[in-house]
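Working notes for the structure below.
The values are calculated or read from the model by the stated rules, or taken from the named source; none is laboratory data. A quick note: this is a predicted structure, and the numbers were derived from the prediction, not measured. Cβ coordinates were reconstructed from backbone atoms using ideal geometry, including for glycine residues, and neighbour counts include every protein chain displayed. Ligands, DNA and RNA are stripped out before the accessible areas are found, and what is left, the full protein with its side chains, is counted by its heavy atoms. Shrake-Rupley method; radii C 1.70, N 1.55, O 1.52, S 1.80 Å.
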Amino acid sequence: MEMVVKNKRVAIIGAGPSGIAQLRAFESAEKQGHEIPELVCFEKQDTWGGQWNYSWRTGTDSYGEPVHSSMYRNLWSNGPKEVLEFAEYSFDEHFGKPISSYPPREVLWDYIAGRAKKSNVEKYIKFAHVVRWVSFDEATKLFTVTVENLRTGETSSDTYDNVIVGAGHFSFPNVPHFDGVETFPGQILHAHEFRGAEAVADKDILLIGASYSAEDIGTQAYKMGARSVTFSYRSKPMGYEWPEEMTELPLVERFDGSEVHFVNGEKRKVDIVVFCTGYLHHYPFMPSELTLSSPNNLYPDTLYRGVVSEANNQLFWLGAQDQWLTFNMFDAQAWYVRDVILGRVALPSKEAQRNHMDQWLSHFEGLKSKNDQIDFQCDYVEDLIDQTDYPSFDLKEVANILKGWVKSKKEDILNYRDYTYTSVMTGTTSVEHHTPWMIELDDSLKRYLSEPQENEARQVY
Ligand code: FAD
Ligand code: NA7
């Protein structure tokens with residue numbers, strides 16, 4: 001039995017892929033004739049797209065707010081687009097022709113925006129509105145959300161039955177300290193502030209970290225002509241077959257001016273250091289009793305089914321997991337959250353929620369390989385989709401594509417983006433991009449969708 005929801009009010013924080021998924025989920029129910037609550041989505045940036053909304057700025061934005069996006073020029077998808085495709089809005093529908101499996105950032109931003117424009121969700125979004133604080137009143141069972149309109153400086157507060165956090169968790173850098181780092185005379189930055197590798201040409205660069213950011217920024221640096229790329233790992237090396245200019249060393253022990261000492265006794269002089277040491281789950285608008293506190297992993301504790309806050313079942317998180325899957329996982333989560341709010345899905349007792357989380361956590365803790373992690377996240381998404389009317393799709397095949405991606409990086413870390421995959425949504429096989437990724441220096445949508453004359457790409461570059 002559905003609840004009476006028309007007098008309910010729901011606040012959504014962020015209009016990135018997660019926030020848009022939530023708006024789209026409600027809109028889809030409305031189109032089927034269901035009553036939906038009043039929705040307001042607060043987005044602190046001037047437009048939607050979250051991380052995919054590139055900013056040349058670093059530090060603070062034009063409003064004095066922390067810059068959200070950590071993306072850089074020349075960023076191309078680091079996984080095949082076939083694993084993130086929306087089940088209800090395909091790449092074929094958006095682009096009208098097959099494209100390659102690893103599009104650049106602007107192309108994926110365009111795809112996200114295309115789905116948002118096709119629906120009618122923009123009317124719910126208040127751009128340039130930053131959420132400053134959320135509190136909950138036990139007596140009224142309502143949240144108060146305090147928001148600042150960044151264009152006018154005006155602050156206002158309103159009450160809501162539900163709050164859905166889609167604020168992302170790759171914006172607040174984790175920056176460890178190393179002895180002597182303050183004596184380093186060159187540039188030191190975190191991956192969050194990295195905007196492009198052109199300046200690294202003919203320089204020696206050190207990347208601390210051994211995950212996606214280190215791998216991709218290191219590869220960008222090589223592509224743009226860095227003299228050498230050194231990676232420093234804490235737990236284990238990435239282990240790819242790097243060209244001779246690229247080396248993996250264990251953890252930095254200390255800095256001595258521009259000389260970096262590693263724990264195995266090696267030392268190297270470098271010009272630039274990029275901390276690729278990950279991000280913090282940091283929600284400055286949340287009081288401690290409501291916030292989410294977790295390392296970046298596949299099953300953050302205290303979220304029932306990965307979305308419902310254990311602390312308060314009227315509060316939800318989207319996209320809080322580390323991500324093998326992205327856009328379609330956020331959709332699956334948003335459809336589930338919608339159905340909880342609409343009363344179409346009943347939440348079990350707190351105790352049953354805890355038991356359910358403990359089962360998933362123990363499964364998660366037993367994962368041994370990347371392939372295990374892939375299966376875990378695909379199972380998680382399948383489980384969510386089974387409970388809503390989000391169009392189901394072949395998640396076993398998506399898992400196979402992801403495993404193929406992992407394998408392709410082992411085979412050829414510098415050129416894996418030239419591989420192609422087949423969509424489980426449409427059956428369309430991607431085309432090879434007109435220019436191999438390693439020599440394509442123009443990441444614009446225009447260039448990407450153009451059809452250069454034969455050999456043009458190689459003549460240009
Ligand atoms: P976000 O995209 O982070 O969006 C959150 C939104 O919330 C932002 O618009 C932000 O402005 C807003 N917001 C935050 N705080 C507030 C506040 N207080 N008030 C109002 N608004 C607020 N995924 C892939 O699938 N493929 C890739 O190749 C890929 N590459 C990536 C590369 C980098 C460098 C990073 C950092 C991430 C990458 N990702 C990639 C993962 C990416 O995070 C997801 O694709 C996706 O953007 C997450 O969507 P989201 O809506 O959950 O969060
Ligand atoms: P990740 O995937 O969270 O990885 C963080 C990396 O930083 C990981 O290799 C960590 O090592 C390393 N790390 C963390 N703390 C330290 C310290 N103190 N010293 C050395 N190394 C450390 O973040 P990414 O930025 O790579 O990726 C995040 C998202 O951005 C991702 O979704 C991409 O698509 C883009 P560990 O292996 O834990 O020892």
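Annotation for GLU241 and SER450: the two label points, set 7 Å from Cα along the Cα-Cβ direction, are 3.4 nm apart.
Heavy atoms of the protein chains alone define the surface here; on that basis the range 1-146 has 39 Å² accessible area per residue at 1.4 Å probe size. For the range 191-255 and the range 403-445, what is the separation of their C-alpha centers, rounded to whole Å? With the range 191-255 and the range 403-445 each reduced to a Cα centre, they are spaced 22 Å.
Annotation: for a label point projected 7 angstrom from Cα along Cα→Cβ of SER369, residues of the range 396-438 with backbone N closer than 11 Å are 407. Taking a sphere under 9 Å around the Cβ of HIS433 and counting the other residues whose Cβ falls inside, with K and R at +1 and D and E at -1, yields a net charge of -2. To put it simply, the accessible area of the range 72-203 at a 1.4 Å probe is 49 percent carbon and sulfur.
For ASP379 and ARG151, the FRET efficiency from 1/(1 + (r/R0)^6), where r spans their Cβ atoms and R0 equals 51 Å, is about 0.70. Secondary structure note: in the chain, about 50% of the DSSP beta bridges are antiparallel. Mark the label point 7 Å from the Cα of THR422 along Cα→Cβ and return the residues of the range 379-405 whose backbone N is within less than 17 Å of it. The answer is 393-405, whose backbone nitrogens lie closer than 17 Å to the label point.
Ordering of 219-225, 409-415 by packing is 219-225, 409-415, highest average first (other Cβ atoms within 10 Å, averaged per residue).
These residues, HIS192, HIS433, go from largest to smallest accessible area, 1.4 Å probe, as HIS433, HIS192. Restricting the trypsin sites (Lys or Arg not before Pro) of the range 102-146 to loop positions (DSSP other than H, G, I, E, B) with no more than 14 neighbouring Cβ atoms within 10 Å leaves LYS141. Here the calculated FRET efficiency for GLU310 and ALA199, from their Cβ-Cβ distance with R0 = 56 Å, stands at 0.80, rounded to the nearest 0.05. All other residues whose Cβ lies under 13 angstrom from that of ARG254 are scored, Lys and Arg at +1 and Asp and Glu at -1, for a net of -4. Largest first and in whole Å, the equivalent-ellipsoid semi-axes of the range 285-439 read 32, 18, 15, each the square root of five times a Cα gyration tensor eigenvalue.
Once the Cα atoms are used to define both axes, helix 17-31 deviates from the longest principal axis of the chain by about 30 degrees. What fraction, in whole percent, of alpha-carbon pairs in the range 139-236 exceed 19 Å separation? When all Cα pairs of the range 139-236 are counted, 60 percent exceed 19 Å. Relative contact order for the chain: 19 percent, from Cα pairs under 8 Å spaced at least 6 residues apart, divided by residue count.
Using only the C-alpha atoms, the convex hull of the range 224-351 corresponds to 187 Å³ per residue. Structure note, pairs LYS44/LYS97; LYS81/LYS396; LYS81/LYS368: Cα-Cα distances above 23 angstrom occur for LYS44/LYS97; LYS81/LYS368. Calculate, in nm to one decimal, what ARG132 and MET438 gain on full extension: separation in residues at 0.36 nm each, minus their alpha carbon distance. Going from the current span to full extension adds 105.9 nm.
Cβ-Cβ distance of ASP358 and GLN387, R₀ of 22 Å, FRET efficiency by 1/(1 + (r/R0)^6): the value works out to about 0.65.
Projected over all directions and averaged, the alpha-carbon convex hull of the chain occupies 22.8 nm².
On a per residue basis, the convex hull of the C-alpha atoms belonging to the range 38-89 measures out at 118 Å³. Paramagnetic label reach from ASP92 (point 7 Å along Cα→Cβ; backbone nitrogen cut-off under 19 Å): within the range 418-455, residues 420-433.
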